[in-house]
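Computed from the coordinates by the stated procedures, all read-outs in this text should not be read as laboratory data. Here the structure is a predicted model, which means the values were calculated and not measured. In this analysis, Cβ positions are derived from the backbone assuming ideal geometry, glycine residues included, and neighbour counts consider all displayed protein chains.
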Amino acid sequence: MTETTRYSGGGFVHIKNPHLEAMDEDVLYHLDLGTKTHDLPAMFGDVKFVCVGGSPNRMRAFAQFMHKELGLEGDGEDLADICAGTDRYAMYRVGPLLSISHGMGIPSVSIMLHELIKLLHHAKCRDVTIIRIGTSGGLGVQAGSVVITDRAVDACFQPRFEQVVLGDVVVRGTDLDGGLVEELLACSKAIPDFPTLVGHTMCTYDFYEGQGRLDGALCSFSNEKKLEYLKRAHDAGVRNIEMESTAFAALCGLCGLRAAVVCVTLLDRLEGDQIRASHEVLQEYQQRPQRLVAAFIRRRLGLR
Ligand code: R2B
Ligand code: URA
């Protein structure tokens, strides 16, 4: 049976784990935070937006950018990493926003999300919106386009996240919030300098063979087979490919968080495998989801 999204009453995060209540302390090991060592409600109780992305440096740059966008005092250059006691993930707080890195791939994003969702629960946060801002490979779209995900699908184009639990495959749905997609798309209309579109996002377990690349250390298929697969993905509605969206959508959805995925495409996979754009071009591309999400948060806060 597939478990699906349920938004919880009162806007609280919904923890679906009966064992958690019985624990007298919860150590959020990979975040270097805990319920006995930190006053989580005081530190995080008023958080309303959480943005997550792969790289610690990018999430720091996003926090500094948001400091300016929200018109906060100071230059934002001295933002402290709340998870400085560990080098697994980095976390920055800017007004009502948390900016957190999640590393690459499903195992990494999943560990971070378990601990982040428990953090939001312990802190008694309400009405939190969470957005993944990332990079991806495009499918039949111009490099530099921003894709807002309407459906996260696996490498067989199915909207599901499969995980082995106690030796059984547990299948979870990957619904994302349709209203958020529309809100983000509306915000993109005010940013004409790059194309933004809505489409399905394919999430894979690997960057190379798993995404049909011919340039890994191993490759077991021909160029014809690769293109046939990518074209089938395109026909199924896939417009970009990355490595976290199904797990992100499943975990956030089941815990009652309204979630969205906004990724820039670094290349068109129908044209090649290697990412050859210059450092400067890639830097500018990576700012595009940040600019769109900044416009969205400003609009939500009435700062337009
Ligand atoms: C996008 O980019 C990373 C791989 O380069 C991966 O984390 C992803 O989803
Ligand atoms: N990230 C991915 O996962 N795939 C790409 O092709 C580019 C970025």
On a 0 to 90 degree scale, rounded to 10, what angle separates helix 279-300 from the longest Cα axis of the chain?
-> 50
Of the chymotrypsin sites (Phe, Trp or Tyr not before Pro) in the stretch 4-69, those whose Cβ has at most 16 other Cβ within 10 Å and which sit in DSSP loop | 7
Nearest-20 debye value, the chain charge dipole, Cβ charges on Lys, Arg, Asp, Glu | 740
Taking r as the C-beta separation of residue 156 and residue 278 and R0 as 51 Å, the FRET efficiency to the nearest 0.05 is 0.90
How would you rank 118, 189, going from fewest to most other Cβ atoms within 10 Å of each one's own Cβ?
-> 189, 118
When we measure straight from the Cα of residue 68, which aspartates and glutamates land under 19 angstrom away, once same-chain ones fewer than 8 places off are left out?
-> 77, 78, 81, 284
Out of 11, 212, 74, a Gaussian network model of the chain with alpha-carbon springs under 10 Å gives the largest mean-square fluctuation to 74
Of all trypsin sites (Lys or Arg not before Pro) in the stretch 21-71, the ones in DSSP coil with at most 13 other Cβ atoms within 10 Å are 36
Looking only at the stretch 247-266, which residues have a backbone nitrogen under 19 Å from a spot 7 Å from the Cα of residue 191 in the C-beta direction?
-> 259-266
Over the chain, calculate the relative contact order: mean separation of alpha carbon pairs under 8 Å at least 6 apart, over the residue count, as a percent.
-> 26
May I ask for the distance between the Cα centers of the stretch 262-304 and the stretch 181-210, given as a whole number of Å?
-> 9
Calculated FRET efficiency for the pair residue 217/residue 114, C-beta based, R₀ 35 Å, to 0.05 | 0.70
